[in-house]
Amino acid sequence: MDFILMLTREDRTVEDCLEVLELVRPLNLRHIGFKDVGVEMKTLRTLTERIKATGATAYIEVVSTTAELARRSIRAAAEIGVDRVTGGQEVDFALDLLGPAGIGYYPFPGRPAGHPTRLGGTAETIARDCRRMRAAGCAGVDLLAYRATEADPLDLVRAARAALDGGYLIVAGSIDSPERIGALAAAGADAFTIGTAIFNASFSPTKGSICSQLEDVLQACEAAHGATA
């Protein structure tokens, strides 16, 4: 299961994202992302270039709250050259724009709302959306399982896994403990994101540094992989 570090707190890219990226560079993280809000586009372009220079896959998650703003963010994502765009629900628009550039799209299934985003929808809703999005050509989905308001988070993960037909299942939002990482691995997630729990030092409350938090996340990820191998 892949770990995607999000350079974000409370669904916003942190203002010192470039400095944080340099701080964590020695950890050789393979997947690093950020949100479409919080800093200027010029900074996001530089951040993307530097993430890719480390050899990591660069992600942007669209958390814009209207279709118009989401399309603007997807358009900007194509311009700054990320590898993968997650979030939003503008499937046809995103695939038409991102596909020719070789950028994978992973939309939100269900009914996301608000900021920070909450997720409405039952397991049946999630499964239906996953099948539709995969059939349309999406590389996978970005599931806000632990932001669910109508269903058990792991039920949503299992429903998405069964419906994706080989698609890449990212689980994002409120993943803040080794137990949740282990549960996601057992339920079939391909990747998970963590941002706020790193910057708030809530993943490992007895440790203060960002790098210490990340080392514990990586250790939990390795343990989860071993348990499901």
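Scanning the stretch 95-128 for residues that are part of a helix (DSSP H, G or I), open to solvent by less than 50 Å² (accessible area, probe 1.4 Å) and without any contact (Cβ under 8 Å) to a residue 40 or more places away in the chain, which turns out nearest to GLU61 (Cα to Cα)?
Going through the qualifying residues, I end up with LEU98.
Across the stretch 71-89, what is the number of residues that are part of a loop (DSSP other than H, G, I, E, B) and touching a residue at least 24 places away in the same chain (Cβ under 8 Å)? Spell out how you get there, then give the answer.
The initial filter retains those residues of the stretch 71-89 that are part of a loop (DSSP other than H, G, I, E, B), namely 81-83, 88-89.
Filter once more, keeping what is touching a residue at least 24 places away in the same chain (Cβ under 8 Å): 81-83, 88.
Total meeting the criteria: 4.
Please specify each residue of the stretch 133-173 satisfying the condition of being touching a Cys at 6+ places or on another chain (Cβ under 9 Å), closer than 18 Å to TYR105 by Cβ and part of a helix (DSSP H, G or I).
ALA160, ALA163
Is there a residue in the stretch 15-23 that is within 14 Å of GLY195 (Cβ to Cβ), in contact (Cβ under 8 Å) with a residue 60 or more places away in the chain and assigned to a helix (DSSP H, G or I)? It would help to see each step written out before you state the result.
Residues of the stretch 15-23 that are within 14 Å of GLY195 (Cβ to Cβ), as a first pass: 15-17, 20-21.
Remaining after also requiring in contact (Cβ under 8 Å) with a residue 60 or more places away in the chain: 20.
If we keep only those that are assigned to a helix (DSSP H, G or I) as well, we get 20.
Within the stretch 15-23, one or more residues are within 14 Å of GLY195 (Cβ to Cβ), in contact (Cβ under 8 Å) with a residue 60 or more places away in the chain and assigned to a helix (DSSP H, G or I).
Could you tell me which numbered condition ARG50 fails, if it satisfies all but one of (1) within 17 Å of the chain's Cα centre (by Cα); (2) at pLDDT 95 or above; (3) in a helix (DSSP H, G or I)?
(1)
Among the residues of the stretch 176-229, count how many are in a loop (DSSP other than H, G, I, E, B), crowded, with 16+ Cβ neighbours inside 10 Å and in contact (Cβ under 8 Å) with a residue 60 or more places away in the chain.
3
Out of the residues in the stretch 36-45 meeting the condition of being within 16 Å of ARG84 (Cα to Cα) and open to solvent by 10 Å² or more (accessible area, probe 1.4 Å), tell me which one is modelled with the highest pLDDT.
Residues of the stretch 36-45 within 16 Å of ARG84 (Cα to Cα): 36, 44-45.
Now restrict to residues that are open to solvent by 10 Å² or more (accessible area, probe 1.4 Å): 36, 45.
Numbers: ASP36: 88, ARG45: 96.
My answer is ARG45.
The values are calculated or read from the model by the stated rules, or taken from the named source; none is laboratory data. Just so we're clear, the structure is a prediction, and the values are computed from it rather than from any experiment. As a convention, Cβ positions derive from the backbone with ideal geometry for all residues, glycine included, and neighbour counts pool all protein chains shown. With ligands, DNA and RNA removed, areas are computed over all heavy atoms of the protein, side chains included. Shrake-Rupley method; radii C 1.70, N 1.55, O 1.52, S 1.80 Å.
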